[in-house]
Amino acid sequence: MEKLAFPAPIVQIEDDRTATSVEALKRAILDNLYYIVGTTQANASNQEFFAAVAYTVRDRILARWFATLACYKQQDVRVVCYLSAEFLMGPHLANNLLNLDLEEPIRQAVAELGRDLGVIEEQESEPGLGNGGLGRLAACYLDSMATLGVPAIGYGIRYEFGIFSQQIRDGWQVELTDYWLRYGNPWEIRHPHEAVEVGYGGRTEGWTDSTGRYRVRWVPASVVRGVPYNTPIVGYRSGIANDLRLWRSESTESFYFDRFNSGDYQGAVAGKTFAENISKVLYPNDEEIQGKELRLQQQYFFTSCALQDMIRLHLRAGRQIDTFHEKWAIQLNDTHPSIGVAELMRLLVDEHGLDWEKAWEITSNTFSYTNHTLLPEALERWPRPMFASILPRHLEIINEINARFLSEVRKHFDGDEARVSRMSIIDEHGEKFVRMANLACVGSYRVNGVAALHTELLKKEVLRDFYELWPEKFINVTNGVTPRRWLAVSNPEQSALMTRRVGNGWLNNLDELKQLEGLAEDAAFRAEWRRVQHDVKVRLTNYILEATGISVDPSSMFDVLVKRIHEYKRQHLKVLHILTLYFRLKRKPNLEMAPRTFLFGGKAAPGYAMAKLIIKLINSVAEVVNTDPDVKHRLKVVFLPDYDVSLGQKVYPAADLSEQISTAGKEASGTGNMKFAMNGALTIGTLDGANIEIRDAVGHENFFLFGLTADQVQSTLAQGYRPRAIYESNPFLREVIDSISSGQFSHRDQNLFRPLLDQLLNSDPYLLFADYQSYIDCQDRVTEIYRDQEQWSRMAILNAARMGKFSSDRSIREYSENIWRVAAITLC
Ligand code: GL4
């Protein structure tokens with residue numbers, strides 16, 4: 001028979017997938033492009049080329065990943081499981097290249113193949129599997145754990161749709177679905193063999209086991225399959241790759257033939273729909289609970305998947321179930337996974353036959369709980385009937401935990417029934433609720449806040465009863481952010497300048513930047529610093545023009561407020577400042593004032609009307625101010641649409657002034673504040689969250705402080721705060737408020753901003769008016785100092801030099817030592 005003629009090989013098959021020479025990388029990229037992506041070099045789009053590069057990088061991670069797992073096994077270490085409903089990872093490629101030390105060879109390989117690495121990196125669609133600070137913190141912590149060699153697994157949900165993407169139409173936010181998986185996800189590996197089953201609904205029943213012991217089993221009404229997708233997380237030059245395991249919900253049956261055959265066509269796929277819905281979409285609310293059934297189903301889904309996975313790994317290593325807590329430390333990232341306390345009890349007691357006391361000893365030595373907010377509207381509680389219908393067995397278990405717990409409370413605080421009722425896991429008043437923060441506190445051996453003030457307020461207010469019962473459980477771990485992504489990857493220009501002066505040790509020891517302190521007095525260095533800053537601002541200027549059509553002046557001061565839109569974060573206080581300057585300039589067109597560009601960015605929860613109105617206000621003010629010839633070139637207002645991790649990477653480095661202006665006592669920590677200061681922006685801020693610690697670290701003289709303290713906020717409100725009196729007595733504030741209500745920024749429509757203005761005048765719960773004058777005065781000091789560019793640069797350099805504490809490496813060391821009791825390892 002005649003042999004089939006194959007075409008000559010087009011690419012050389014890559015068999016050594018660890019090689020990192022430029023030649024090997026080129027071969028590997030072409031190989032992946034051809035055999036995995038399924039296209040040729042000539043035809044590949046940049047998107048396809050990105051995928052090939054990503055596969056090439058992933059291939060080089062795998063050996064480290066397996067080595068890491070083997071090493072953890074061999075050393076029989078305790079593993080941290082970070083349970084989080086959100087992981088806001090941001091694009092992986094640039095970060096992986098940095099951490100693997102592959103940036104230069106890949107850049108060259110890509111260039112020799114006729115493409116530009118910057119353009120290729122821009123193709124990556126970011127996995128927006130989080131809302132804001134809480135989800136991004138989880139991502140920074142994964143980076144630090146892998147860098148420090150802390151054995152860890154991140155557990156969460158592989159949402160098919162992440163946070164919506166935001167468009168601005170006619171000044172209003174419009175939400176579009178985020179189909180981040182449209183082009184596939186080259187970083188993840190599906191592991192169907194490690195799937196687990198998760199039940200919902202149904203009933204419980206008693207039975208007697210062979211030893212005569214009474215047992216309970218749960219008979220769920222429906223069961224879904226959780227399939228893990230693993231993404232390796234590489235540490236910076238540590239050779240370690242930890243695991244991010246995100247679970248996708250699938251149907252156990254794709255199709256119910258019995259129903260189909262009996263003519264129930266819809267019923268035949270109903271189970272599939274239920275199952276697939278669970279991991280379908282991220283709830284787009286930050287700091288607000290929705291109380292929807294699906295949300296509880298999601299929380300239980302990933303938590304149960306994670307616990308079953310841990311138990312499987314534990315037993316597979318040949319260990320006994322009763323040593324579980326010695327080998328696993330579970331961190332609850334807020335209360336979202338706190339149902340895990342009841343689920344671990346169920347698995348241990350019902351499935352593994354342990355007695356209650358032993359199971360409780362294990363459970364309560366496994367979990368720790370991080371609280372991330374003081375806002376009452378964010379404290380999770382589930383209506384008891386709903387909880388009972390979704391998780392009937394868990395409600396029984398919670399009742400038992402609660403009964404035992406409350407008898408302990410009664411022993412400590414004899415006769416204090418008010419306290420007992422406050423601490424109960426079940427809120428017995430009216431419609432009954434399951435209080436998830438109480439469950440988390442009872443089931444955890446450590447509870448932490450995320451900044452010093454936040455932890456103090458937790459102890460004094462929200463969790464006071466628990467603190468009084470168990471003071472030793474409470475500890476503070478101030479948040480941190482990774483200097484790899486937020487300095488090295490985002491700001492290569494400034495990073496290079498720093499590295500030239502102090503070496504590159506700062507990448508995994510941020511304290512090393514302290515050496516820059518002396519250079520603040522070096523005029524040549526300051527000039528260089530400003531040159532770099534200007535280049536970075538030009539980069540953002542080009543982006544702004546492309547994204548919004550607005551041209552801004554890179555030599556103006558970039559005054560930036562980017563974060564979720566929330567009333568307590570007070571984006572509208574910034575608007576009051578802008579309008580105050582606007583009217584000053586209208587009155588005195590020749591007033592000397594350094595030009596400022598005001599940059600806003602952030603998403604509002606789709607159901608949060610006031611936050612959406614604030615976005616509209618910003619855009620309405622922008623429209624008037626940006627086109628008014630009287631102030632042209634001096635004030636520019638820009639709302640950057642679709643603020644996400646990628647945009648953050650562009651914005652932080654270019655900022656001159658960082659706005660951290662929340663009402664004191666409301667922002668648990670903030671992490672954007674850290675990213676700005678690390679990049680050399682000066683902060684204007686209140687004594688809130690981590691601002692306080694940042695100010696202490698960079699020096700009070702290098703920080704613009706204004707506003708009431710948390711204590712003063714409380715006493716102001718307690719004394720019967722009257723915002724209207726402030727409005728009436730402050731002519732500048734009055735002018736600003738009146739101009740908005742007159743319709744000057746809404747095409748004469750006097751009703752548009754009414755809800756916002758009425759609230760400010762009548763109750764002003766976030767005390768914008770109380771802080772207004774202090775904010776304006778402080779901004780005037782900012783303006784004054786900015787005129788002295790030498791002084792500004794000195795302060796900026798000192799800020800960047802003194803941010804060592806706010807590396808997430810420091811936070812992770814504290815968690816490791818004080819909470820998890822795990823040791824960092826190096827590769828064996
Ligand atoms: C948050 C806090 O609002 C924020 O201050 C903090 O920095 C972050 C991480 O700890 O957690 N809590 C919630 S909820 N969303 C957040 O961003």
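The values are calculated or read from the model by the stated rules, or taken from the named source; none is laboratory data. Computed from a prediction, not measured in an experiment: that's the story for all the values here. Please note: Cβ atoms are built from the backbone with ideal geometry, for glycine as well, and neighbour counts cover all protein chains shown.
What the table below lists for this structure:
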quantity	calculated
Some residue of the range 306-325 being away from the ligand (no atom under 16 Å from the Cβ), part of a helix (DSSP H, G or I), touching a helix residue (DSSP H, G or I) at 6+ places or on another chain (Cβ under 9 Å) and within 27 Å of residue 459 (Cα to Cα)	yes
Hey, residue 787 in the same structural domain as residue 625 (by TED's automatic domain parsing), closer than 30 Å to residue 525 by Cβ and out of contact with any Lys or Arg (no Cβ under 9 Å at 6 or more places or on another chain) or not	yes
Pick from the range 341-359, criterion surrounded by fewer than 20 Cβ atoms within 10 Å (Cβ to Cβ) and touching a residue at least 60 places away in the same chain (Cβ under 8 Å), ranking: farthest from residue 138 (Cα to Cα)	353
Residue in the range 361-388 that is farthest from the ligand (Cβ to nearest atom), counting only those that are β-branched (Val, Ile, Thr) and assigned to a loop (DSSP other than H, G, I, E, B)	366
Every residue from the range 641-651 that is within 16 Å of the ligand (Cβ to nearest atom) and not in a helix (DSSP H, G or I)	643, 644
Filter result (over 18 Å from residue 55 (Cβ atoms) and in contact with a Ser or Thr (Cβ under 8 Å, 6 or more places away or on another chain)) within the range 81-120	83, 90
Top-ranked residue of the range 724-758 - restricted to ones that are more than 17 Å from residue 770 (Cα to Cα) and hydroxyl-bearing (Ser, Thr, Tyr), ranked as surrounded by the most Cβ atoms within 10 Å (Cβ to Cβ)	746
Qualifying residue in the range 584-595 (condition: touching a Ser or Thr at 6+ places or on another chain (Cβ under 6 Å) and either surrounded by 21 or more Cβ atoms within 10 Å (Cβ to Cβ) or not assigned by TED's automatic domain parsing to the domain that holds residue 658 (or both))	no
Conditions (1) assigned to a strand (DSSP E or B); (2) surrounded by fewer than 16 Cβ atoms within 10 Å (Cβ to Cβ); number of the one not met by residue 193	(1)
Test result for residue 236, within 16 Å of the ligand (Cβ to nearest atom), at pLDDT 95 or above, among the hydroxyl-bearing types (Ser, Thr, Tyr) and touching a helix residue (DSSP H, G or I) at 6+ places or on another chain (Cβ under 8 Å)	no
Condition check for residue 761: in the same structural domain as residue 700 (by TED's automatic domain parsing), buried (at least 22 other Cβ atoms within 10 Å of the Cβ) and modelled with pLDDT of 95 or more	no
Filter result (within 12 Å of the ligand (Cβ to nearest atom) and touching a strand residue (DSSP E or B) at 6+ places or on another chain (Cβ under 6 Å)) within the range 652-669	660
Residue identified as within 16 Å of the ligand (Cβ to nearest atom) and either at pLDDT 95 or above or within 30 Å of residue 790 (Cβ to Cβ) (or both) among 728, 701, 693	693
Any pair with Cβ under 7 angstrom, 6 or more apart, that starts in the range 377-406 at a residue that is over 20 Å from residue 334 (Cα atoms) and of a type in the set (Lys, Arg) and ends at one that is part of a helix (DSSP H, G or I) and away from the ligand (no atom under 16 Å from the Cβ)	393/346
Residue that is nearest to residue 376 (Cα to Cα) [pool: residues in the range 440-463 that are surrounded by fewer than 19 Cβ atoms within 10 Å (Cβ to Cβ) and touching a residue at least 60 places away in the same chain (Cβ under 8 Å)]	461
The range 59-80, residues that are under 27 Å from residue 180 (Cβ atoms) and in contact with a Lys or Arg (Cβ under 9 Å, 6 or more places away or on another chain)	59, 60, 62
Neighbours by Cβ (under 8 Å, 6+ apart or cross-chain): first from the range 652-675, within 20 Å of residue 131 (Cβ to Cβ) and without any contact (Cβ under 8 Å) to a residue 60 or more places away in the chain; second part of a helix (DSSP H, G or I) and within 11 Å of the ligand (Cβ to nearest atom)	660/672; 660/673; 660/691; 673/691
Unmet requirement for residue 171, which otherwise passes all of (1) of a type outside the set (D, E, K, R); (2) in contact (Cβ under 8 Å) with a residue 24 or more places away in the chain; (3) on the phi < 0 side of the Ramachandran plot; (4) more than 16 Å from the ligand (Cβ to nearest atom)	(3)
Test result for residue 204, away from the ligand (no atom under 16 Å from the Cβ) and assigned to a strand (DSSP E or B)	yes
Only listed residue being touching a residue at least 40 places away in the same chain (Cβ under 8 Å) and either assigned to a loop (DSSP other than H, G, I, E, B) or farther than 21 Å from residue 613 by Cα (or both), chosen from 759, 750, 744	744
Selected residue (only one of 78, 136 is among the basic types (Lys, Arg) and within 16 Å of the ligand (Cβ to nearest atom))	136
Output for the range 452-504, where each listed residue is farther than 30 Å from residue 413 by Cα and within 15 Å of the ligand (Cβ to nearest atom)	478, 479, 480, 481, 482, 486
Within the range 360-399, considering residues that are among the hydrophobic types (A, V, I, L, M, F, W, C) and within 20 Å of residue 473 (Cα to Cα), the one surrounded by the fewest Cβ atoms within 10 Å (Cβ to Cβ)	379
In the range 449-480, the residues that are hydroxyl-bearing (Ser, Thr, Tyr) and either assigned to a strand (DSSP E or B) or more than 20 Å from residue 820 (Cβ to Cβ) (or both)	467
Residue in the range 326-340 that is assigned to a helix (DSSP H, G or I), in contact (Cβ under 8 Å) with a residue 40 or more places away in the chain, of a type in the set (Ser, Thr, Tyr) and in contact with a Leu (Cβ under 7 Å, 6 or more places away or on another chain) present	no
Odd one out for residue 637 among (1) within 15 Å of residue 540 (Cα to Cα); (2) assigned to a helix (DSSP H, G or I)	(2)
